[in-house]
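The values are calculated or read from the model by the stated rules, or taken from the named source; none is laboratory data. Note that the coordinates shown come from a computational prediction; the quantities given were computed from them, not determined experimentally. All Cβ positions, glycine included, derive from the backbone under ideal geometry; neighbour counts span all protein chains shown. For accessibility, only protein heavy atoms count, side chains too; no ligands or nucleic acids. Shrake-Rupley method; radii C 1.70, N 1.55, O 1.52, S 1.80 Å.
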Amino acid sequence: NMLNKNKIKRGNKMIRQVVINGKQLSYKLTYKNVRNINVRINSDRQICVSANRFISTEYIDTFLRQKADYILRAVEKPKNLITENEKHRTYSDGEPAYFLGDKYIIKVIDSDKCCAVKENAELLVYTDSRDKEKIRSVIKKWYDDECICYFGIIASKVYQVFKQYVSESPQYSYKYMVSRWGSCNPSKGKININKNLIKYDTDLIELVFYHEFTHLIYPDHSRKFYNFMSMVLPDHMERRKRLNSVSCGR
């Protein structure tokens, strides 16, 4: 009896492939005694669908394509960027600090001035106190200043690609976000970029700028959105996979 139950259970589930706005995605289909088609994205960003056995898989695929904006937003949404690793950092000698994809080792130096400076493979943190929060604030200010500098350079570069498609350069806002690399408000012409991106290499920072700039033209994640992204940044899918796979512990 147990063997038969296992066979039935396996027979109620399957993995299917569906193309949504040009992207091939996998989803787990589970047959249940339900009236509607239910879609959820689990914590591993897997698409899970439950439906009645009498609903055809072709109809389910079509249903998922109609939910393209919701599904793609959820699948591409980065995992929580505030990790346990980050919460328990002491910001003391020997800890790593990442900047534009490179790793630096923190070296705390007693000093009357409070600032941080990159030197070779080290991040020299000058501070008048060894208090963890004081060191954290010095490093945070350094990151904030670097964001203004490097994000500004990248924004100007990307705008040169988009200036023939948008009426004017957007407003930029840089802030720490928990679960987004960036966001865009097309009606206000405003782009927000996550400051945590300063820890990753330039290709990945550019990807987010391209993505949010494209939202100025196509507010949703429609097929037109991804076709345009492929035109202006042909390797955007490869960059997206790399961004999703990088360590959140940075």
Report every pair of residues separated by at least 6 positions or lying on different chains whose Cβ atoms are under 7 Å apart, first residue within the range 139-166 and more than 30 Å from Lys113 (Cβ to Cβ), second of a type in the set (S, T, N, Q). Tyr159/Ser169
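For every residue, the table says whether it meets (1) without any contact (Cβ under 8 Å) to a residue 12 or more places away in the chain; (2) not β-branched (Val, Ile, Thr).
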{"residue": "Asn21", "(1), (2)": "no, yes"}
{"residue": "Lys28", "(1), (2)": "no, yes"}
{"residue": "Asn33", "(1), (2)": "no, yes"}
{"residue": "Ile37", "(1), (2)": "no, no"}
{"residue": "Asn42", "(1), (2)": "yes, yes"}
Would you be able to tell me the number of residues in the range 34-90 that are hydroxyl-bearing (Ser, Thr, Tyr) and either in a strand (DSSP E or B) or modelled with pLDDT of 85 or more (or both)? 5
Requiring at least 3 residues that are surrounded by fewer than 18 Cβ atoms within 10 Å (Cβ to Cβ) and under 13 Å from the mean Cα position of the chain (by Cα), the helices (runs of 4 or more DSSP H) wholly within the range 166-250 are 236-245
When the residues of the range 10-32 are filtered to those that are of a type in the set (D, E, K, R) and over 26 Å from Phe225 (Cβ atoms), which remaining residue is least open to solvent (accessible area, probe 1.4 Å)? Lys13
How many of the residues making up the range 102-144 are under 26 Å from Lys175 (Cβ atoms), open to solvent by less than 80 Å² (accessible area, probe 1.4 Å) and touching a Pro at 6+ places or on another chain (Cβ under 8 Å)? 2
I'd like the full set of residues that are open to solvent by 40 Å² or more (accessible area, probe 1.4 Å) and at negative phi, limited to the range 43-54. Ser43, Asp44, Gln46, Arg53, Phe54
